[in-house]
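Contents: one structure, followed by commentary.
The values are calculated or read from the model by the stated rules, or taken from the named source; none is laboratory data. Here the structure is a predicted model, which means the values were calculated and not measured. Don't worry about glycine lacking a Cβ; one is built from the backbone with ideal geometry, like all the others, and counts go over all protein chains shown. Calculation scope for accessible area: heavy atoms of the full protein, side chains included, ligands and nucleic acids excluded. Shrake-Rupley method; radii C 1.70, N 1.55, O 1.52, S 1.80 Å.
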Amino acid sequence: MARPAVRPASSEASASTRRLSPPAYRGGRRLTEAQRELLLQIAAFFLLASGWMGVLGPLAPLLFMAAAAGLFALAPERAAASLLRCWPLLVIGLLACLSALWSTAPGVSLRYGAQLAITVGAGIVLAGVLAPLPTIRALFLSGLFILILCLLSGRQGQSQGGPVLIGIVGSKNAMGALCSQIICSGGVLAACGAESRLVRLAAVPAVLLAAYVLMGSFATGAVLVTLMFAGLVCAFCVASRLPPTTQFAFVLLLLALLAPLWMVREDLAGYWEYFVVDVLGKDTGLTGRDYLWAHADRMIAERPLLGYGYRSTWLSDSADTIGLLRWAGLTDGAGFNFHDSYREWAVDFGLVGAVLVAIVLFRGLLATVLQAIRRQAPLTVMFFAALGVATMIRAKVELVLGPFTLGAVLIVAIAAMGYLAAADARRAVGPRTGRTPPLTPRIPASRLPSDFTPETRPPA
């Protein structure tokens, strides 16, 4: 009697493996961890570079979303877990979308709110799937790539000191911010012992080139931010080498030294006016910012609770929008703002929403700063903590949270690093009992997906 045909075990195992983890195989082979990390860094490179590619028009947001989708597809488990653990940051995008319910331009608020939600999600995914060092490397290389394109274009614009290079980024302030990005990231890479020798050697001439372009751009704000960043990194380096009790005493001493400044605030205001006018070469209103801030304060007083809806102030047909655009000499307000993130949030979301956004961001930033001052903290963590503090200070005179912008991705990623670090700290200690959870999973290995089992090559 003929024996029944038996399916080969190897074929069954191969089909089972492909069924358990379909994205892990390409052409019958599993991606190695090194290949996955390389692809993640390439996706991060395009994600960060797209923030400077406004010259591409609608292709820049498409490139941004494609890169964000690539980050998620390459590490879906880590990306999904990061989104869940950083859920407070998702409230920002949700709030922007919900503001369409009371917005003066509901369609505008819903559209741009969805774009902001995608941007926030991309920042969280970036922090969740890439370690700090590869992220800094991608930030440096993307900035250097854009700077080379700017030099090749040779496009110039006007400033108070004459023609300056603006390249493909479109303004001297954007060029200054780009050079500051290269200087900060390249300087940290050059000083980081964990980075490869090739990248460290390449970072030195790139930093010198960016510094040369920055000094000729007359972008004083970018110069101040770069100096502030360097000072913060030095402060974190010193704090990380002090015991916790000494750190606390150092903070108290700093507050004690700063407290008397309130009594001489009028004299300090005079020195600030001298610095702005005679040193920076600007008017006392910081090139019209005082008018924008006064107009924003009036709008906040009129609708203090929930505001006008996300981006409705600049993209609606109201009298306020038309008047502001005529004052600024613009026909479209898509790229314009009040040059003050905190006032912008209050106008868009009301005081309630502005406080909520600030709490969510500052909570994550505080957790990142605490990681940067712990004993023997790595330089890469100090980089993001210093960048986050400098960004939130710069937010007083610039918009740092906009759809598909580099600033929004970075500040969200920095806050997400803090949320993820806090979540890891809570998981390191068992709930309520205080016991460390077991390192080995309690689920039998036979029931775990293939991503959690030792990597094996499927049989041919």
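Across 10 Å bins from 0, what is the distribution of all Cα-Cα pair distances for region 101-181, in whole percents?
Cα pair-distance distribution for region 101-181, in percent: 16, 27, 28, 25, 4.
Using a Förster distance of 30 Å, how high is the FRET efficiency between residue 56 and residue 362, based on the Cβ-Cβ distance and rounded to 0.05?
Efficiency for this residue pair is about 0.35.
In nanometres, what is the gap between the two model label sites at residue 148 and residue 69, each 7 Å from Cα along Cα-to-Cβ?
Once both label points are built, they end up 2.8 nm from each other.
How many percent of the accessible area of region 335-403 is carbon or sulfur, using a 1.4 Å probe?
Roughly 71 percent of what the probe reaches on region 335-403 is carbon or sulfur.
What distance in nm lies between label points placed 7 Å from Cα along the C-beta direction at residue 155 and residue 370?
For residue 155 paired with residue 370, the spin-label model returns 4.5 nm.
For residue 253 and residue 94, compute 0.36 nm times the residue count separating them, minus their Cα-Cα distance, and round to one decimal in nm.
That pair, residue 253 and residue 94, stretches by 53.2 nm at full extension.
Using a 1.4 Å probe over the heavy atoms of the protein chains, calculate the carbon and sulfur portion of the accessible area of region 63-194 as a whole percent.
71
Quickly rank 132-142, 412-422, 318-328 as a protection proxy: mean count of other C-beta atoms within 10 Å, highest first.
Result, highest mean Cβ count within 10 Å first: 412-422, 132-142, 318-328.
With a/c under 1.5 counting as rounded, go ahead and sort region 39-179 into rounded, prolate or oblate using the C-alpha gyration tensor (a ≥ b ≥ c being the square roots of the eigenvalues; past the cut-off, prolate if a/b is larger than b/c, else oblate).
oblate
Pairs of alpha-carbon atoms within less than 8 angstrom and 6+ residues apart define the contacts here; what relative contact order does region 356-408 have, in percent?
This gives 23 percent for region 356-408.
What do the square roots of 5 times the Cα gyration tensor eigenvalues come to for region 152-241, in whole Å, largest first, as semi-axes of the equivalent ellipsoid?
27, 17, 8
On a 1.4 Å probe surface of the protein chains, which of 396, 172 comes out largest in accessible area, and what is the full order?
Of 396, 172, the descending order of accessible area is 396, 172.
Which value does Rg/Rh take for region 352-393 over its C-alpha atoms, Rh per Kirkwood?
Expressed as Rg/Rh, it is 1.07.
Given the peptides 147-158, 115-126, arrange them by the average over their residues of other C-beta atoms within 10 Å, most packed first.
115-126, 147-158
Provide the gained length on full extension for the span residue 352 to residue 319, in nm with one decimal, where the gain is 0.36 nm per separating residue minus the Cα-Cα distance.
Fully extending the segment from residue 352 to residue 319 adds 9.4 nm.
I want to check the label-to-label distance for residue 423 and residue 393. Put each point 7 Å from Cα in the C-beta direction and report it in nm to one decimal.
3.0
Can you give the relative contact order of region 50-186 as a percent, counting alpha carbon pairs under 8 Å and 6+ residues apart?
In percent, rounded to a whole number, it is 21.
May I ask you to give the solvent-accessible area per residue for region 23-137, in square angstrom, as obtained with a 1.4 angstrom probe?
Value for region 23-137: 43 Å² per residue.
Where Rh is the Kirkwood radius over the Cα pairs of region 321-387, the temperature 10 °C and the viscosity 1.306 mPa s, what D in µm²/s does Stokes-Einstein return?
Roughly 108 µm²/s, to the nearest whole number.
At R0 = 51 Å, how high is the FRET efficiency between residue 302 and residue 194 if r is their beta carbon distance? Nearest 0.05 is fine.
The pair residue 302/residue 194 has a calculated efficiency of 0.45.
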